1. Only residues that are under 27 Å from the mean Cα position of the chain (by Cα), surrounded by fewer than 19 Cβ atoms within 10 Å (Cβ to Cβ) and not aliphatic (A, V, I, L, M): list them for region A:45-74, please.
2. Quick check: is even one residue across region B:158-173 aromatic (Phe, Trp, Tyr), more than 10 Å from every other protein chain (Cβ to nearest Cβ) and touching a Phe, Trp or Tyr at 6+ places or on another chain (Cβ under 9 Å)?
3. Taking into account only those residues within region A:272-295 that are more than 9 Å from chain B (Cβ to nearest Cβ) and touching a residue at least 60 places away in the same chain (Cβ under 8 Å), which is nearest to residue A:204 (Cα to Cα)?
4. Out of contact with any Cys (no Cβ under 9 Å at 6 or more places or on another chain), surrounded by fewer than 24 Cβ atoms within 10 Å (Cβ to Cβ), of a type in the set (Ser, Thr, Tyr) and in contact (Cβ under 8 Å) with a residue 60 or more places away in the chain - does that describe any residue in region A:183-195?
5. Is there a residue in region B:166-180 that is modelled with pLDDT of 95 or more, closer than 23 Å to residue A:382 by Cβ and of a type in the set (A, V, I, L, M)?
6. Give the residues of region A:364-385 that are at the interface with chain B (Cβ under 7 Å from one of its Cβ atoms) and assigned to a helix (DSSP H, G or I), sorted by residue number.
7. Could you run through region A:230-261 and say how many residues are touching a Pro at 6+ places or on another chain (Cβ under 8 Å) and buried (at least 24 other Cβ atoms within 10 Å of the Cβ)?
Amino acid sequence: MSIAQKPNYLDSELGIKSWLTTLDHKRIGIMYLLVICVFFIVGGSMAALIRAELLTPKGDLLTSDAYNKAFTIHGVTLVFWVLIPAVPAVLGNFCLPLMIGARDVAFPRLNLLSWYVFTIGGVFGIMAVIFGGIDTGWTFYTPYSTSFSHTSVVLAVTAVFITGFSSIMTGLNFIVTIHKMRAPGMTWFRLPLFVWANYATSLIMVLATPVIAITVFLVGLEKVAHIGIFDPALGGDPILFQHMFWFYSHPAVYIMILPPMGVISEIVACFCRKRIFGYEFVAYSSLAIAIIGFIVWAHHLFTSGLSTYSAMVFSFLTFLVAIPSAVKVFNWTATFYKGEIHFESPMYFAIGFIGLFLIGGLTGLFLASLGTDIHFQDTYFVVAHFHYVMVGSAIMGFLGGLHFWWPKITGKLYAEGLARWAAVIIFLGFNFTFFPQFILGYLGMPRRYHSYSDEFQVLHVCSSLGATVLGFGYILTFCYLLYSVKFGAKAPKNPWGAKGFEWVTDSPPPTDNFDFKPVMREEAYAYKPDYEAPEVVHERA
Amino acid sequence: MRFVPEQASNFAPEVDYIFYVLLALTIFFTFGVVFAIIYLSVKYRAGSKANRTRPPHHNTALELAWSVIPFLMGVPVFLWSAKLYVEMYSPKNTAGALNISVVGKQWMWHIQHPTGQRENNELHIPVNRDIKLMMISQDVIHSFFIPDFRIKKDVLPEYFSTQWFRATKVGKYHLFCAEYCGTNHSEMIGTVYVMTPEDYQKWLSDTKWGMNKFGRPDTMVEQGEKLFVTRCAGCHGAGKAATAPSLAGLFGKEREMADGRRITADEDYIRRSIYEPDAMVVKGYQNIMPSFKGQIDEQQVFEIIAYINSLSNPQIQAGTTLPTASRKQETKQ
């Protein structure tokens, strides 16, 4: 071609320094992705160790202490450095400003700072792993963590403390961005649902994260200075810790799942070529989940010693919080009706998400229900349930979004056939891994057991085999995506025929996102002819 | 290979009923949505000739229906399950129960029967009799879990927790610690032996438990009495009311503290008064009692509580749970 390519955000500046000092939300999103990949590998290899150990009833591969460290490192790294930031910090950072027609987030410097804080927190996390590891479980329950564990609890809680601030900064940035940076015509009810989901998530991040910061700070304080806060031997209250921990960590589950739900809304609308059925209900359901999600935390304490009256209140509210999630599923399904459904790889992931989320969400009811929770609490049933939601669904949603926006992010197309296979393999591998764990839990297999009774072996072997399939699916995805960066075909502006500002700009977008001034002149997801065709005012930026 | 656990307690069938109702709801919604997605995916696949005129973009009535109806389906399950929870965690049904004390510590279960027998990581109980567990941890949080009974309750340090059940099937069952408690958490396991009442009596009368002058081991009340005489009676004994309050008739009574608080003298109160006497000083007395922390262990606290309790409840003194034979023998002497 004789005409020189317009510079895009990837090649406008080159060199590591240009990345480390960038204020571009798109580059920061990619930097988040790289750090998250590192932690995904750490946490994933721990999962591999755990599943290998559990092939046999005897604890023969690892020592008990090593096993306890493995599941703690697995949980801590994947929760705090993968699941919580995955969608908002990577896809949210990259797409959200594009989707609302903004040139960047409201506070680009704060955005870069949040990445540094996140990464420094991560370094502390890695240090905790290297210097002795940590064996408390990701829940840090007291008084074990503060007075009994001899591992690097202080480093680990410092890591969590620091990392929390990056969540708060990102949340704050998104809230202000969504309020103040929307393009002309982009009213609240024209926002893509991914933006709504991130808005609800940001509220949780800003309001809940300070509580975990305080909680882990107090854990550190008790550990270092022996000030009695949680350890009853020092005059503290161990149940207080559980309340404070879950006051953040239950809403944190919604931080993990709401943004992927937003991704699914985008994908379903695009591949059904249809506006999401009941847009308002879906948008409001995100807010409802965020709000009710704040008042269900004590359902983690039903067997800990909660008054029966508060147990009933929390049980009832937990049944209630299931409703907005169910509404989303029903509305996605109804979107298929009279759609024009295209089955490309993101849609595979989206449908996989719906399947896993149905099981993950509905099995939550077994735990919300008081009498049954007594039996299931702290068994593999709980492990299976939250993996279906936090891992199965959340990672499926994340991968769906990554595949959906990959051509936009990298400007390259990946191997579509392999991607479809990967979605299928991950879906099957996941079910193969975690479905047997529901049965294990019903049979009474407690979680965090290094060795177990012989009768559980068959199901554990199933689970470990499934994990191998799942791991293969993730590795496959990693390979063809990485391959596409170098060797993929050049992506067009809008490979899926999707609606939204991000699809009318170049792939990859220019540093300023748009060469024109975006104006929203139609409803979100105006795919069907009864809506106006998209209209863009081409003005010099 | 089993796919369902045994139903070996009074609670197990009802827990399972609720489980199956929830399972039915799960299957109904999962399959409903999955079939709808498959059907619609085939019918409205790109390029199909299906009628796509006037696609609906919302339908408020329908959306309200699928918000409200699932919720209404959930409410009965919530109520039923809450009722069961209250039953499972309320010790009020346990009059005449066999009171067994449990001390959890890293990494074993220490259990004592009211008749004095002690066992580790094993629990022998008679079938069809209410069992009430009073539990405390010596270190971190544990959780006392018997899957085949569907019971579980966290065992906390410094606070008593209780649960009750009635085993309904003779046999051997797993006992697990369900709350992660450190290195050997997965070895904090044991076996529950549910026996016929006759076998249980036989087990209680085994000579391995040691003999007192009545030809049986000391009951918890008797062990508590011995401790009381040597450790407490110097101040709390008869005729010492000037130094320290008498403990006769104390159990379950409300007492007024020096700072005006009114506190019911229950197990937690007695335990705390032994370990932290200055936390709750009874009105009219000086704060002069030393702490017995490190001198009296959790198991002995259970015994002292049993003794103090027996002072106000003579039937406990007689030992409701003593083997009938040895009780007769005792009266003869």
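The values are calculated or read from the model by the stated rules, or taken from the named source; none is laboratory data. Keep in mind it's a predicted model, so treat the numbers as computed, not measured. Cβ sites come from the backbone with ideal geometry, for glycine too, and all protein chains shown count toward neighbours.
1. Of everything in region A:45-74, just one residue is under 27 Å from the mean Cα position of the chain (by Cα), surrounded by fewer than 19 Cβ atoms within 10 Å (Cβ to Cβ) and not aliphatic (A, V, I, L, M), namely A:45.
2. Start the filter on region B:158-173 by keeping residues that are aromatic (Phe, Trp, Tyr), which leaves B:159-160, B:164-165, B:173.
Pick out the ones that are also more than 10 Å from every other protein chain (Cβ to nearest Cβ) and you get B:164-165.
Subset that is touching a Phe, Trp or Tyr at 6+ places or on another chain (Cβ under 9 Å): B:164-165.
Checking region B:158-173: at least one residue is aromatic (Phe, Trp, Tyr), more than 10 Å from every other protein chain (Cβ to nearest Cβ) and touching a Phe, Trp or Tyr at 6+ places or on another chain (Cβ under 9 Å).
3. Per the criteria, the residue is A:290.
4. Initially, region A:183-195 is screened for residues out of contact with any Cys (no Cβ under 9 Å at 6 or more places or on another chain), giving A:183-191, A:193.
After this cut, where a residue has to be surrounded by fewer than 24 Cβ atoms within 10 Å (Cβ to Cβ) as well, the list is A:183-191.
Okay, now just the ones that are also of a type in the set (Ser, Thr, Tyr), so A:187.
Among the residues that remain, those that are also in contact (Cβ under 8 Å) with a residue 60 or more places away in the chain are: A:187.
Scanning region A:183-195 turns up at least one residue that is out of contact with any Cys (no Cβ under 9 Å at 6 or more places or on another chain), surrounded by fewer than 24 Cβ atoms within 10 Å (Cβ to Cβ), of a type in the set (Ser, Thr, Tyr) and in contact (Cβ under 8 Å) with a residue 60 or more places away in the chain.
5. For region B:166-180, residues modelled with pLDDT of 95 or more, closer than 23 Å to residue A:382 by Cβ and of a type in the set (A, V, I, L, M): present.
6. Of everything in region A:364-385, those that are at the interface with chain B (Cβ under 7 Å from one of its Cβ atoms) and assigned to a helix (DSSP H, G or I) turn out to be A:365, A:366, A:370, A:371, A:372, A:374, A:375.
7. Residues that pass the stated criteria total 5.
Listed here are the residues, each with its yes/no results for (1) under 21 Å from the mean Cα position of the chain (by Cα); (2) not in a helix (DSSP H, G or I).
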site	(1), (2)
A:288	yes, no
A:304	no, yes
A:317	no, no
A:320	no, no
A:325	yes, no
A:333	no, no
A:360	yes, no
A:387	yes, no
